[in-house]
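Derivation of every value follows stated rules applied to the coordinates shown; laboratory data play no part. Nothing here was measured: the structure is a model prediction, and the numbers come from that model. Note that we place each Cβ from the backbone using ideal geometry, even for glycine, and neighbour counts take in every protein chain shown.
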Amino acid sequence: MKKLLFGLAGIMIAALVYYVAAGSTQIADEIKKQVDTELAVLEKNGFDIENRTAKDNTEHLVIHFSDPEKIAHYLSTQGLRIDSENAKIFQGMKAGIDIHYLPDAANALSLEIYPLNLPQSITSGVYQEEDQKALQAVQNMIDKKVFLLHIDFEKLLSGFKGYVKDIHITPESNQHIELEIKGMVFEGNIEKEKIKTIAQKLESFSLRAADDFQIQLSNVKSTYMLTGPSLYDISTKYEIGQMLFDEKSGFSLHLDHFNTDSASWEKEDLLSSRMATKIETIAIDANHKKAKLEGVVYEANISNLNIPALEKLSQTSTGDQNETIILFGQMLSSNAALDISALHVAKIETDTKTMDGFTANARLSFNKNIDFQAWQTNPLALLGTINLQTNISISSELFMHLMEDPRAMVIPMLFPPKEENGKKIYDIRLHKGMLKINDVPLQ
């Protein structure tokens with residue numbers, strides 16, 4: 001639901017840019033003209049505009065998601081990446097938009113966006129009585145505008161800010177869902193009819209389904225910045241203070257202080273990106289077997305993905321296997337490569353011991369003009385077009401702990417590790433179809 005609401009907000013934000021004329025009446029008229037223009041664009045790109053009414057400086061309208069394929073293509077041109085298969089999830093859904101022109105001295109325009117119904121992908125299913133009651137409970141919340149996004153635009157439409165209305169849903173009769181969203185706010189800037197920056201904050205999110213599972217997030221922050229002329233030229237940052245996932249089956253996951261910083265850029269129809277992620281601690285409890293990872297670091301780069309092939313691939317049906325394979329090969333055909341410069345865990349703690357962790361790095365590259373169709377008939381042919389270099393350094397304590405598993409004991413028998421500074425080392429290389437582990441060819 002949040003993805004849908006922010007998608008709608010993104011469309012409206014990108015569209016409603018205007019030149020401010022003197023006098024409030026003229027300003028309102030100018031904005032209304034731009035709204036008319038942009039709504040016409042939406043109608044040509046898979047949306048139906050329904051029930052539009054106006055009174056003084058307010059308007060109400062309904063946006064109907066009627067053609068998912070057109071919508072997916074249009075949103076991709078606006079910087080919101082969504083493939084046609086995912087867009088189909090929203091088919092038949094309607095969202096209400098209330099527009100207020102010149103709502104106060106500081107703002108030129110305000111929007112309130114809210115869903116009006118559940119999409120056909122949900123309502124067309126066959127459900128048991130309990131699930132039908134749950135769906136009806138959700139529809140009742142929709143009818144009460146429980147899910148609502150508010151946006152204010154500054155006078156020059158160079159900036160905006162808004163919030164998602166706090167949500168607190170307690171279990172009703174025969175229902176066991178509890179949902180709380182608190183303190184979700186955002187703000188941003190617009191330059192040259194494009195969103196330049198967005199900063200978002202979420203104080204807390206909690207979803208509990210009886211005793212089956214619960215999800216909790218707190219102190220979430222994110223930033224987005226457009227860094228160049230292409231929609232692929234972006235940088236993003238995410239922070240999560242704490243995340244908890246707890247399942248009745250006996251599995252739980254608890255993350256403390258998650259941070260990730262990423263960027264992507266386009267050059268000559270090729271896409272490259274980088275990502276750096278740090279997590280202070282990851283605590284896992286699986287069937288009462290506990291483990292805690294400390295000082296987790298992941299840094300990676302992807303280079304030279306063919307953008308035209310990537311965009312076609314995102315719009316290709318998952319059922320068209322042959323076309324998918326051809327496009328996948330084209331996407332990697334310009335010396336595409338994946339570099340994992342760091343995968344590091346400083347400490348690992350179990351129920352019985354604390355150990356130093358491991359460090360790994362890897363590079364995976366593909367030869368030009370890779371033939372994925374030939375791979376369908378002869379999978380081993382693919383090995384000749386892949387180059388892989390991997391280095392893994394494991395602490396002696398962790399290595400001995402892993403060898404306590406009988407399934408792992410055979411590895412050092414077949415491939416003895418190297419010893420360096422008290423660490424167990426594995427160097428793995430694949431080149432021209434030949435795989436070597438610590439310089440020993442794998443026959």
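A few comments on the model shown:
- Cα→Cβ-extended label distance, 7 Å offset, between Lys347 and Lys290, nm: 1.4
- Sequence-separation-based contact order of the chain, relative, with Cα cut under 8 Å and 6+ spacing, percent: 7
- Neighbour counts of C-beta atoms inside 10 Å place Glu420, Glu59 in the sequence Glu420, Glu59, starting with the fewest.
- Count Lys and Arg as plus one, Asp and Glu as minus one, and take only other residues whose Cβ is under 13 Å from that of Gln214; the net charge is then -4.
- Charge context of Asn301, other residues only, Cβ under 13 angstrom, K/R +1, D/E -1: -1
- Computed about the Cα centre, the dipole magnitude for the stretch 99-185 is approximately 300 debye when only Lys and Arg (+1) and Asp and Glu (-1) carry charge, each at its Cβ.
- For the chain, calculated [θ]222 nm from helices alone, where every DSSP H run of n ≥ 4 adds -39500 (n - 2.57): -7000 deg cm²/dmol
- Rule-of-thumb Rg ratio for the stretch 48-128 [Cα; 2.2 N^0.38 Å; N residues]: 1.33
- On full extension, the segment bounded by Leu179 and Gln389 gains 71.0 nm, given 0.36 nm per residue less the C-alpha separation.
- Three-way shape call for the stretch 301-349 based on the alpha-carbon gyration tensor, with the a/c threshold at 1.5: prolate
- Label-point separation in nm, Lys145 to Asn322, each point 7 Å along Cα→Cβ: 5.3
- Taking every C-alpha pair closer than 8 Å and separated by at least 6 residues, the mean separation divided by the residue count of the stretch 87-207 gives a relative contact order of 18 percent.
- Restricting the stretch 249-332 to chymotrypsin sites (Phe, Trp or Tyr not before Pro) that sit in a DSSP loop and have at most 13 other Cβ atoms within 10 Å of their own Cβ leaves nothing.
- Proximal charge balance of Met400 [Cβ under 12 Å; K/R count +1, D/E count -1]: -2
- Within a Gaussian network of the chain (alpha carbon springs, distance under 10 Å), most fluctuating of Pro412, Pro68, Pro119: Pro412
- Reach of Lys33 by Cα under 27 Å, taken over lysines that are not fewer than 8 positions away in the same chain: Lys44, Lys55, Lys70, Lys94, Lys155, Lys161, Lys192, Lys194, Lys196
- Computed E for Ser158/Ala210 - FRET, C-beta separation, R0 45 angstrom, nearest 0.05: 0.45
- Couplings for the stretch 334-350, taken from phi via the Karplus curve 6.51 cos²θ - 1.76 cosθ + 1.60 with θ = phi - 60°, read 10, 6, 5, 8, 10, 10, 9, 6, 7, 9, 9, 10, 6, 9, 10, 10, 10 Hz in order; Gly and Pro are left as x.
- Placing a pseudo-label 7 Å from each Cα along the Cα-to-Cβ vector at Ser396 and Ala199 gives an inter-label distance of 5.0 nm.
- Between the stretch 177-227 and the stretch 143-171, the alpha-carbon center distance in angstrom: 12
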